[in-house]
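So the structure is just underneath, and the comments pick up after that.
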Amino acid sequence: MPLTALQKDVLAILAGNRSAESHFAGGIVLNAADDPAKLEEIQAHALDPIGLKTAWIQMSDEAEMKMIDVADEQPDMPIGVAFVDSRGCPGWIGDTPSLRLHAPSIRGCWPRVVGVDGW
């Protein structure tokens, strides 16, 4: 299902305000009724689409270079897979060589909802 205009605006605001200390249960806002008047209550600043695109391109370029470096250094490393630590938390194999390959499963594709009444 495509995102509504409100959901797109909220996601852009969240992306622009991320920091190491920020935490947000995004599903609450994304599942809210589409009420443009309410957007003003949560809008922190005007969106800068050029800034967002510039940041996205920079992150994408950095990620691509990291993947190329790992592929060059470890040509036998599988691609298109996830790596996890001993607790099952994902990480980047290029930063933490002790991670192990996470075997894909259908169960891993479904989100788990916790703490919602009626579920």
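Read the figures in this text as sums done on the coordinates, not as results from a lab. Keep in mind that this is a model prediction, so the values were computed, not measured. All Cβ positions, glycine included, derive from the backbone under ideal geometry; neighbour counts span all protein chains shown.
Within the shell defined by Cβ-Cβ distances under 13 Å, the residues around LEU101 carry a net charge of -1, with Lys and Arg each +1 and Asp and Glu each -1.
Spacing of the modelled spin labels on THR54 and LEU101, each 7 Å from Cα toward Cβ, amounts to 4.2 nm.
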